[in-house]
Amino acid sequence: MSNLDVSVIIRAVDRASAPMKNMLRGMRDMEKASARFNQRMQKAMSLSIAGDAALQVSRKAIDIFKSPVKTAMDFEAQMAKVGAVSRATNSDMGRLTQTARKLGATTTFSASQAAQGMEFLGMAGFSTGEIIKTMPGLLNLAKAGTLGLGKASDIASDIMSGFGLKAEDMGRISDVL
């Protein structure tokens, strides 16, 4: 393994470690808050005549808050993968994150699924700009072909490199396929 390979691996780990640490810190904070909430609810239950009802309310309240937090954590973890494989700078990560969120809000795919597609394109060697330009067409291809994003990305990147096409051509590729 050359020094360049080791350097690239170290940079990828460095870029991924900060978001992962933030995610883990958030998870620990959520666990602490959940434990405090549970303690308060248990105390309230011991004072309550309807202890079973209070326990059910407690569990439902935790579930209500847990789902959005888990979704956000999953998205951040997926974006960390995108950053690692695409060697994106902080500025690039901001653009990629904004694009994934926009696609998640305006398409049938979630932001995490859009980020998954970005990861596959990054693994195929696409630059940040190419990933951003390619994503709408890639999502259309995946939806039209009832393909997973990984398979759609693999097919599209093979076609693009095989025919010397550019990221701007992704819409045309998905239309033809």
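The values are calculated or read from the model by the stated rules, or taken from the named source; none is laboratory data. Note that this is a predicted model, so its numbers are computed, not measured. Cβ atoms come from the backbone with ideal geometry, glycine included; neighbour counts cover every protein chain shown. We work out accessible area using only protein heavy atoms, side chains counted, and drop any ligands, DNA or RNA first. Shrake-Rupley method; radii C 1.70, N 1.55, O 1.52, S 1.80 Å.
Taken together, the residues in region 78-100 that are assigned to a helix (DSSP H, G or I) and buried (at least 17 other Cβ atoms within 10 Å of the Cβ) amount to 15. In the set (1) open to solvent by 60 Å² or more (accessible area, probe 1.4 Å); (2) of a type outside the set (A, V, I, L, M); (3) part of a loop (DSSP other than H, G, I, E, B), the condition left unmet by Asp154 is number (3). Among the residues making up region 130-140, those that are open to solvent by 10 Å² or more (accessible area, probe 1.4 Å) and either over 11 Å from Thr99 (Cα atoms) or touching a Leu at 6+ places or on another chain (Cβ under 8 Å) (or both) are Glu130, Ile132, Pro136, Asn140. Right, Ser67: in a helix (DSSP H, G or I), hydroxyl-bearing (Ser, Thr, Tyr) and at pLDDT below 85 or not? Against the criterion (in a helix (DSSP H, G or I), hydroxyl-bearing (Ser, Thr, Tyr) and at pLDDT below 85), Ser67 qualifies. Within region 165-177, being of a type outside the set (Val, Ile, Thr) and open to solvent by 60 Å² or more (accessible area, probe 1.4 Å) holds for Lys166, Glu168, Arg172, Asp175, Leu177.
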